[in-house]
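Worksheet for the structure shown next.
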4 protein chains.
Amino acid sequence: MPSSKRTAILLISCPDQPGIVSAVSSFIGNHNGNIVYLDQHVDSRAGLFFMRVEWETENLALSDDEFLETFNNEIAEDLKLNWQIHYSDRVPRTAIFVTKDAHCLYDLLSRHESGELKLEIPLIIGNHNSLEDVAQRFGIPFFLFQITKENKKDQEEAEIALLKEHNVDTIILARYMQILSDNFVQHFPNQIINIHHSFLPAFAGAKPYHQAYERGVKLIGATSHYVTADLDEGPIIAQDVIRVSHRESLSDFIRHGRDLEKIVLSRGVWAHSQRKVLVLQNKTVVFS
Amino acid sequence: MPSSKRTAILLISCPDQPGIVSAVSSFIGNHNGNIVYLDQHVDSRAGLFFMRVEWETENLALSDDEFLETFNNEIAEDLKLNWQIHYSDRVPRTAIFVTKDAHCLYDLLSRHESGELKLEIPLIIGNHNSLEDVAQRFGIPFFLFQITKENKKDQEEAEIALLKEHNVDTIILARYMQILSDNFVQHFPNQIINIHHSFLPAFAGAKPYHQAYERGVKLIGATSHYVTADLDEGPIIAQDVIRVSHRESLSDFIRHGRDLEKIVLSRGVWAHSQRKVLVLQNKTVVFS
Amino acid sequence: MPSSKRTAILLISCPDQPGIVSAVSSFIGNHNGNIVYLDQHVDSRAGLFFMRVEWETENLALSDDEFLETFNNEIAEDLKLNWQIHYSDRVPRTAIFVTKDAHCLYDLLSRHESGELKLEIPLIIGNHNSLEDVAQRFGIPFFLFQITKENKKDQEEAEIALLKEHNVDTIILARYMQILSDNFVQHFPNQIINIHHSFLPAFAGAKPYHQAYERGVKLIGATSHYVTADLDEGPIIAQDVIRVSHRESLSDFIRHGRDLEKIVLSRGVWAHSQRKVLVLQNKTVVFS
Amino acid sequence: MPSSKRTAILLISCPDQPGIVSAVSSFIGNHNGNIVYLDQHVDSRAGLFFMRVEWETENLALSDDEFLETFNNEIAEDLKLNWQIHYSDRVPRTAIFVTKDAHCLYDLLSRHESGELKLEIPLIIGNHNSLEDVAQRFGIPFFLFQITKENKKDQEEAEIALLKEHNVDTIILARYMQILSDNFVQHFPNQIINIHHSFLPAFAGAKPYHQAYERGVKLIGATSHYVTADLDEGPIIAQDVIRVSHRESLSDFIRHGRDLEKIVLSRGVWAHSQRKVLVLQNKTVVFS
């Protein structure tokens, strides 16, 4: 059962070495933090160590600021940790980018409304206005940025300004049918989550269901991943597939695919929002 | 429940047109064939019709030879059918090709022994002798054809001669780690079944588990397909996947993969042996 | 690709006998119906035949009324068929019953709005008013029927009257946490679709996720089924599962379960709305 | 990658309390044990802690016997741990019990021969002699114990004596169609692994595929579990399912089921053999 109290979440990655779990958990315990989650992973092939630890801050003997300084001085520098800390009362400020397909947007907004997704969603951005109605029904401001080859640079600059103004740190591409420029992506490293409608690396690029249908595969898939400069090549967070046969037409592929897309996207977003994802190079550790 | 009586199996593919089911099933019925299975498929996108019909021959008013001639004259020519007929008492004469990994071989031989796979297996061919013992345990002759760049052409010719001598019509590549030449493949069109240890078209070629591990996918797969001149590009018969996470090492990928490989290979072989697979262009219809 | 023209859909079940496919498809063809779908199934264990055939009515030489009479006289009586006919322009008039959980309701309404679910939804009925807002956002009238032990009989009578008044023929229980009386169910035989949050027949009854958690299963499931007088015992339309482990808490079971519930319910509703489900005794044939 | 060096594996369960990971890992580290695996699990609902830690013994400053005493005195008593220790060079001595179906037996023996399953298999016991041939092919002694209502008590006593004589600690019921008495089971608590051919708790007892077919489920499953006095009620280790439809006959259920059975049984046996399973009350923690 998730804690209903305020918690701190520490994510660590570093070269594997003995004693990290012990040092970190002792540090938290010694300052009266009540650990409610601890998981670690060793990638012995790459020689890397990953850890996620979460504790209730109620009785912690350190303020948030004191923690930063003390943990850094007493633990992180010695052990050469890459680390980040999050707090359960500071949830990702998230923009959803959409085009015309509503299924992922409805799914995300429904999960947000029920409290399943711990996010703030200050705005929705569309490159078409088809889904403005949906945004309005949920009371979320909608901004239209139509993109052409000519105006793309300017429009993206305006989008970035708007996002910064709203303190957005996370972007969800909910079937957003427009490629973001490298410049845009670099403003949000490992903070943009896309859903690609294939089992990557199969069928990257355009029209993956058409590609899958032509190839005659017996399973179709979807992949949620962080966006990097290389299209459809970013670190994978979640994937799933469903079985198809010769009986399924292309329109059946697309229909079943919508179910995959929304489920797999939301799994990626949920893990991200719970601070359960660590990226190293081009792979993820997704803690449970 | 499958019929225990002798049956005939007719496989048809042709441009879609009305009346085929009716014409074919009436023809069989009029000659006192008791239809025990009938399934058809229309690929409306490609404008193609596929059909599989099976009937008990016990009371059929036509001999096998008479059927060939009469069906051709009265039905097939008019409707411009591509068709093939099989009989339940003439099962595929099958050679299994192996290298060093035993799991698919044991799986196939165990299924064969239990009667699940209706095949005759007159011989096993290896490019190593590692699995000669396994062949001997099941009383099946084993032939060693070591392949080098220099002797490949000659060895394949000798293999083809041996296979023809044994009236082999079907070849199973049970983790056979050697690429067959185009010439070899052309002797057995849509009769060579391979297992590739990835979810094709992802990770074609060498070391797919290594590729999958490096890419950080969250599912790994296996694919059984007919072999064509294009490596790992032939018509797919069966595919399956299992879930992996950062917790699985490369050796776990390989271990789980072995389970996928043997199950997916045997599904492909079973469908082929039951005459349930129709190939058109590069796709399959696999009747249930 | 589904036909965009008006179609008729004929569903047939009867004792297995030769010649049905031929007789039915010839009848349709002879009256200039263009068949766009035909599938049949033989349950040889039970000796039963099932068939679904769909044709474009554009050039049909018979009016809808003439079809009823002619087909009955020329085909159905002779072959002793149980049959029903539907038309693509008369979609199920559907009421959705809800309590407090919104995920299935949002999912259904989103699919309805996009045109994926061909339904008319004249009203939503709740035994709580929690989801009245959701209904309003989609512009669908919401009716509150609070149920107590004392008023249940009267409230159900009022519901039935309301449903009849709106010509409702199909009811979806979208996580409706109230057992319908036998009397209510008998008004809508095989027309009420429920989602049960377990892999039936495991964990029937109350709190299936709690039961699953206590039992320590490694997969959890959901089942959509037609409602009969026996609780959780009706004919199953669709089922699915996802993997869990000791790492998942009960709240994770419930969270993952919501995804299963909405997907599996919508699959059942989709098949029903496309007239793809035939019920015989307590089992379904679900055509693809 | 698993270590190829000799390792020790410590399994711990106890009431949850802070500091266990730290105390145990420090103890091992302080005695020069190189930890190659550490995973823990907290069941916060039940207030229980579980841990598995594995280290190379090469440079350990303690002999096996010294470890037992020192760990007990310095760690286990204080923290009130339930614990067991295993060594990679002392693999489970395993008896396989069979009746007539060969698929699970072949699968286990094939995995054993390849080194995937780290087991010693001193004997196979059958209540029929159908599979004596298979045992002989793999060079494993086969013992026949025919069981009747009259002789069951005596035969089981003889079996127990034989098993003790061979120092057997683990028993695999590989489709063994005979219920073991409570007395027999009590000699091997949480050491007997059974495969049940359904998705438990659905379809416990006899003929689960028949039950599943009659109920009209859309998925069939298999479950490997430890045997307890309550039939089909023991702690579940692994489960899996595959999709079926109305198209699959009962014989298809049985055929697909065989694949499930052998895969799910071997997963349970593998986890057991790797000392990855902890049982508490009627549930398992299966470490990855």
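The values are calculated or read from the model by the stated rules, or taken from the named source; none is laboratory data. Since the model is a prediction, treat every value here as computed from it, not as a measurement. In this analysis, Cβ positions are derived from the backbone assuming ideal geometry, glycine residues included, and neighbour counts consider all displayed protein chains. Heavy atoms of the whole protein, side chains included, go into the accessibility calculation; ligands, DNA and RNA do not. Shrake-Rupley method; radii C 1.70, N 1.55, O 1.52, S 1.80 Å.
Laid out as a table, the results:
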{"read-out": "Cα-centre dipole for chain C with unit charges at Cβ (Lys and Arg positive, Asp and Glu negative), debye to 20", "value": "1120 debye"}
{"read-out": "Degrees separating the helix B:250-273 axis from the principal Cα axis of chain B, which is the longest one", "value": "20 degrees"}
{"read-out": "For the protein assembly as shown, size of Cβ-based charge dipole, Lys and Arg +1, Asp and Glu -1, in debye", "value": "0 debye"}
{"read-out": "Chains D and B, summed buried accessible surface - 1.4 Å probe, Å², nearest 100", "value": "2200 Å²"}
{"read-out": "Whole-Å semi-axes of the protein assembly as shown's equivalent ellipsoid (Cα gyration tensor)", "value": "47, 42, 31"}
{"read-out": "Accessible surface of chain B [probe 1.4 Å, protein heavy atoms]: carbon and sulfur percent", "value": "48 percent"}
{"read-out": "Most mobile of B:LYS149, B:LYS218, B:LYS262 in a GNM of chain B (Cα contacts under 10 Å)", "value": "B:LYS149"}
{"read-out": "Average Cα contact separation per residue, chain A, under 8 Å, 6 or more apart, as relative contact order %", "value": "15 percent"}
{"read-out": "Net charge over other residues, Cβ less than 11 angstrom from the Cβ of B:THR57 (K, R count +1; D, E count -1)", "value": "-3"}
{"read-out": "Fraction of beta bridges assigned by DSSP in the protein assembly as shown that are antiparallel (%, nearest 5)", "value": "70 percent"}
{"read-out": "Value at 222 nm in deg cm²/dmol, rounded to 500, when DSSP H runs of n ≥ 4 in the protein assembly as shown each add -39,500 (n - 2.57)", "value": "-9000 deg cm²/dmol"}
{"read-out": "Net charge contributed by nearby residues that have their C-beta within less than 11 Å of B:ILE237 (K/R +1, D/E -1)", "value": "+4"}
{"read-out": "Loop trypsin sites (Lys or Arg not before Pro), the range C:19-98 (other Cβ atoms within 10 Å of the site Cβ: 14 or fewer; DSSP)", "value": "C:ARG45, C:LYS80, C:ARG90"}
{"read-out": "C-alpha long axis of helix C:152-165 to longest principal axis of chain C, angle in °", "value": "40 degrees"}
{"read-out": "Alpha-carbon Rg with Dmax, taken over the range D:7-87, Å", "value": "12.1, 39"}
{"read-out": "Shape call, the range D:107-204: gyration tensor on alpha carbons, a/c limit 1.5", "value": "rounded"}
{"read-out": "Amide H contacts under 5 Å for D:PHE97, placed H, 5+ residues apart", "value": "D:ILE125, D:ILE172, D:LEU173, D:ALA174"}
{"read-out": "HN-Hα J in Hz across the range C:121-131 - Karplus 6.51, -1.76, 1.60, θ = phi - 60°, x for Gly and Pro", "value": "10, x, 6, 10, 10, x, 9, 9, 9, 4, 9"}
{"read-out": "DSSP bridge pairs, the range B:93-286: antiparallel proportion in percent, nearest 5", "value": "50 percent"}
{"read-out": "Long-range amide H partners of D:TYR37 with built H, under 5 Å", "value": "D:GLU54"}
{"read-out": "From phi via Karplus (6.51, -1.76, 1.60), per-residue ³J(HN,Hα) for the range C:229-236 in Hz, x at Gly/Pro", "value": "5, 8, 4, 6, 10, x, x, 7"}
{"read-out": "In sequence order, calculated HN-Hα J values of the range D:39-52 (Karplus, 6.51, -1.76, 1.60; Hz; x Gly/Pro)", "value": "9, 9, 9, 10, 8, 6, 5, 8, x, 10, 10, 10, 8, 10"}
{"read-out": "Order of exposure, largest accessible area first, which applies to A:TYR87, D:TYR37 with probe 1.4 Å", "value": "D:TYR37, A:TYR87"}
{"read-out": "Enclosed volume per residue, in Å³, of the convex hull spanned by Cα atoms of the range C:202-269", "value": "74 Å³"}
{"read-out": "Helix D:20-30 axis, angle to chain D major axis (alpha carbon atoms, nearest 10°)", "value": "70 degrees"}
{"read-out": "Computed magnitude of the charge dipole of the range D:13-142 (debye, nearest 20; Cβ of K, R +1, Cβ of D, E -1)", "value": "500 debye"}
{"read-out": "Share of Cα-Cα pairs in the range C:93-286 lying beyond 31 Å, as whole percent", "value": "14 percent"}
{"read-out": "Heavy-atom accessible area per residue - the range B:114-190, 1.4 Å, Å²", "value": "50 Å²"}
{"read-out": "Where the range B:1-74 is the region considered: accessible area per residue in Å², 1.4 Å probe", "value": "46 Å²"}
{"read-out": "Set of lysines with alpha-carbon distance to B:LYS153 below 17 Å, sequence-local pairs under 8 removed", "value": "B:LYS164"}
